[in-house]
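The values are calculated or read from the model by the stated rules, or taken from the named source; none is laboratory data. Keep in mind it's a predicted model, so treat the numbers as computed, not measured. In this analysis, Cβ positions are derived from the backbone assuming ideal geometry, glycine residues included, and neighbour counts consider all displayed protein chains.
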Amino acid sequence: MFSILGYILIGQTNKGIKVFLATLIGSFLCLIPGVVVAILALVDVYQVALAVKNDEEVDEAEYKNELLYKIVKMIDSEAICKTVQETSSPEN
């Protein structure tokens, strides 16, 4: 729940709603996945806030936490994570 407030405070309300949905789904499946998603969301909010503080441009669909990105990607086709895209792109 606190992660949603964090996303709202940094101006990423839509991302907060999608993470909240992922948390609810995880909670309905079993309490542990919902708690894990909530903790990952708190970490992501912190990482995004640090990036914004350092004048980095962070898209609302961008996740800084890879594991949270992989979870939310199942319900949000627009989700992106630059670290995953960088590591999965083939090198020339």
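Any residue at all in segment 35-53 that's of a type in the set (Lys, Arg), part of a helix (DSSP H, G or I) and in contact (Cβ under 8 Å) with a residue 60 or more places away in the chain?
So far as segment 35-53 goes, no, none of its residues is of a type in the set (Lys, Arg), part of a helix (DSSP H, G or I) and in contact (Cβ under 8 Å) with a residue 60 or more places away in the chain.
Could you count how many residues in segment 9-50 are surrounded by fewer than 16 Cβ atoms within 10 Å (Cβ to Cβ), more than 13 Å from the chain's Cα centre (by Cα) and modelled with pLDDT under 90? Count: 11. Give the residue that is modelled with the lowest pLDDT, with candidates limited to residues of segment 51-84 that are farther than 23 Å from Pro33 by Cα and loosely packed, with under 10 Cβ neighbours inside 10 Å. Of everything passing the filter in segment 51-84, Glu57 is modelled with the lowest pLDDT.
Selection within segment 37-54: residues that are in contact with a helix residue (DSSP H, G or I) (Cβ under 7 Å, 6 or more places away or on another chain) and β-branched (Val, Ile, Thr). The member of this set that is nearest to Gly6 (Cα to Cα) is Val45.
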